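For reference, the structure is listed below as structure tokens.
Values in this text are rule-based calculations from the coordinates and carry no lab data. If you're wondering where the values come from, they're calculated on a predicted model, not measured in any experiment. Here Cβ is always computed from backbone atoms with ideal geometry, including for glycine, and neighbour counts include all displayed protein chains.
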Amino acid sequence: MTLVYDAGALIAADRGDRRFALLHDKLLSADNALPIVPTAVIGQVWRDGAKQARLARLLKSVSVEPLDETTSKEAGILCGRSATADVIDAAVVALAMRYRAGIVTSNPGDIAKLIDAYGGVFRPPVFVV
């Protein structure tokens, strides 16, 4: 299964969280699909590349998805429907729905609100780090 990582996942990687590392390694060894990271999520967590070697390594093993106009509009619609304001979390959910992917997050409550607002038959699994 493909997974979309939010900022919490990248922070876990940057901190060397063992549970996240095991999940990431298992995903890479079991599937041909790389985890997806929206570009805006990178912007949320990137502060100093000289001090973020773990995060830099992780980013070499994921598919970085640009936050294009279509995804941005989908995220804005989700924020409106869910009465939330985090467009980056909404972009994570929009991409998860598009790719029928799971979500790795440290904020399952907000992600659940956005998934509920999206509606539809598919409900992405959410993995908490």
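Once you sort the root eigenvalues of the Cα gyration tensor of the stretch 3-128 as a ≥ b ≥ c, which label holds: rounded (a/c under 1.5), prolate (a/b larger than b/c) or oblate (the other case)?
It comes out prolate by the Cα gyration axes.
Give me, ordered by chain and number, the residues 5 or more places off Phe127 or on other chains with an amide H under 5 Å from its own placed amide H.
So Phe127 has HN proximity to Ile103, Val104, Thr105.
Within 11 Å, Cβ to Cβ, of Val128, how many net charges do the neighbouring residues add up to if Lys/Arg are +1 and Asp/Glu are -1?
Local charge sum for Val128: 0.
Return the calculated 222 nm mean residue ellipticity for the chain, to the nearest 500 deg cm²/dmol, obtained by summing -39500 (n - 2.57) across DSSP H runs with n ≥ 4 and dividing by the residue count. All intermediate terms of the calculation are to be shown ahead of the outcome.
On the way: 7 runs with 74 residues, N = 129.
Value at 222 nm, helices only, nearest 500: -17000 deg cm²/dmol.
Quick one: net charge of Gln44's neighbours, Cβ under 11 Å, K/R +1, D/E -1?
Numbers: positive: Arg47; negative: Asp6, Asp86, Asp89.
In short, -2.
Pop out the ³J(HN,Hα) list for the stretch 14-23 in order, Karplus 6.51 cos²θ - 1.76 cosθ + 1.60 with θ = phi - 60°, rounded to Hz; leave Gly and Pro as x.
Per residue, the Karplus-derived 3J(HN,Hα) values read 5, 7, x, 4, 5, 4, 5, 4, 5, 4 Hz.
For the chain, find the longest principal axis of its Cα atoms and tell me its angle to the long axis of helix 108-118, 0 to 90°, nearest 10.
Tilt of helix 108-118: around 40 degrees.
Considering only DSSP states other than H, G, I, E and B, which trypsin sites (Lys or Arg not before Pro) in the stretch 35-95 qualify as loop sites with at most 13 other Cβ atoms within 10 Å?
Arg47, Lys60
Straight-line reach only, C-alpha to C-alpha below 28 angstrom: list the lysines that Lys51 could link to, leaving out same-chain residues fewer than 8 apart.
Lys26, Lys60
Report, in debye and to the nearest 20, how large the dipole of the chain comes out about its Cα centre when Lys and Arg carry +1 and Asp and Glu carry -1 on their Cβ.
That gives a dipole near 360 debye.
Using amide H atoms built 1.01 Å from N in the peptide plane, name the residues 5+ places from Val64, or on other chains, whose amide H lies under 5 Å from its own.
Val37
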